[in-house]
Amino acid sequence: MLLIFTVIATCLVAFALVKLIDKFLPSGARPVVSILLWAATIFLAYLIYESIMKPIRFDEEKNERYKVAVKTLLDLKKAQLGYKKVNGEYADSFEKLVAFIDNGTFDIVTRKDTTIIDHKKNAAFRITVGADGVGGFFKDTVIINKIGTVSVKDSLFRGNDRYKNLSSVKFKDIEVPVVMKTTFVERNETKLPVLEAIIDKNALLAGLDEELLAQENKVEDINEINGDKIVLGSLVDVTLTGNWPKRYGNNE
């Protein structure tokens, strides 16, 4: 609002000065007034330029920071899914997660679809068959054989150690903590693990224009991150979806 009033006032002053030059001022005073008009015009042009560029600069800086934050959350998601695959639940601390990546292994297995005799069903129907099962019931099954192991680190983070810094987002001189919580929810009498990780947008965008930051916290747009937090997962729903649009990274 202040910018709008300033621009309007400057335009009115410039218009008034033009009228003064034309009707009342002597010719000797006109150069001075002309200089003042030029100064006012330059100042007005600067205000207009800043009013256009300020939100553009804000969006550019915001997008850079959001991309770094989302990348951290996607790394956290990858690490936690690996932990859950082995342990059946999510790691409840970053220390436990890092230790798992450093020392854990994944089994390398082969899977083979096959058909076998359904002895239980044959017995239920009092069907007696030979070793070949001909004349009885069969069922489909999968035979899984372990043929080796591979380290979690090589499988998930080969060639880098980003996983050691999942507890915070670092952007230049800014460092914002990642708040991670885990628990279980019950679905059909079965307890399922859930995970939620949160990054505070206000802390991540610290140092930027406060008025634009306030607007950012209130945004409601499918192409933006709504609310004042960047969120991965949920503590009430079985999901690891992120609340960011896909332009920042995969949110499925």
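The values are calculated or read from the model by the stated rules, or taken from the named source; none is laboratory data. Just so it is clear, the structure is predicted and the values come from calculations on it, not from any experiment. Ideal geometry is used to build each Cβ from the backbone, glycine not excepted, and the neighbour counts take in all protein chains shown. Keep in mind that these areas ignore ligands, DNA and RNA; they rest on the heavy atoms of the full protein, side chains included. Shrake-Rupley method; radii C 1.70, N 1.55, O 1.52, S 1.80 Å.
Each other residue within a Cβ distance under 13 Å of Val176 adds +1 if Lys or Arg and -1 if Asp or Glu, for a net charge of +1. The listed peptides 158-164, 186-192, ordered by packing as a protection proxy, come out as 158-164, 186-192 (highest mean of other Cβ atoms within 10 Å first). Across segment 149-157, computed HN-Hα scalar couplings (Karplus, 6.51 cos²θ - 1.76 cosθ + 1.60, θ = phi - 60°) run 9, 9, 5, 4, 4, 5, 6, 9, 9 Hz from first to last residue, x flagging Gly and Pro. Descending by average beta-carbon neighbour count within 10 Å, the peptides 226-234, 143-151 line up as 226-234, 143-151, the highest first. For the chain, hydrophobic long helices are taken as DSSP H runs at least 18 Å long by C-alpha position along their axis with mean Kyte-Doolittle hydropathy of 0.5 or more; these are 2-23. Considering helices alone, the calculated mean residue ellipticity of the chain at 222 nm is -15000 deg cm²/dmol, with DSSP H runs of length four and up weighted by -39500 (n - 2.57) and normalised per residue.
Each Cα pair under 8 Å and six or more residues apart adds its separation to the average, and for the chain the resulting relative contact order is 16 percent. For the residue pairs Lys62/Lys191; Lys112/Lys181; Lys191/Lys218; Lys170/Lys191; Lys96/Lys229; Lys84/Lys246, alpha carbon separations beyond 30 Å are given by Lys62/Lys191; Lys112/Lys181; Lys191/Lys218; Lys170/Lys191. The alpha-carbon atoms of segment 89-193 define a convex hull whose volume equals 168 cubic angstrom per residue. Between Val169 and Val176, Val178, the built amide H atoms are under 5 Å apart, and every one of these is 5 or more places off in sequence or on another chain.
Among residues other than Leu195 with Cβ under 10 Å from its Cβ, the summed charge is 0 (Lys and Arg +1, Asp and Glu -1). Other residues with beta-carbon under 12 Å from the beta-carbon of Val219 carry, at +1 per Lys or Arg and -1 per Asp or Glu, a net charge of -3. Residues considered: Phe137, Phe100, Phe58. Largest GNM mean-square fluctuation over the chain, using C-alpha springs under 10 Å, is found at Phe137.
Computing the accessible area with a 1.4 Å probe over protein heavy atoms, can you report the carbon and sulfur percentage for segment 195-245? After summing per-atom areas, the C and S share lands at 49 percent. Rounded to whole Å, give me the distance from the Cα center of segment 73-99 to that of segment 158-184. When both Cα centres are located, 12 Å separates them. Accessible-area rank, largest first, for Glu175, Glu196: Glu175, Glu196, with all protein chains present and a 1.4 angstrom probe.
Sorted on the mean count of surrounding Cβ atoms within 10 Å across their residues, most packed first, peptides 71-77, 117-123 read 71-77, 117-123. State the antiparallel share, in %, of DSSP beta bridges confined to segment 162-252, rounding to the nearest 5. Percent antiparallel among DSSP bridges in segment 162-252 is about 100. The alpha carbon convex hull volume per residue for the chain rounds to 203 Å³.
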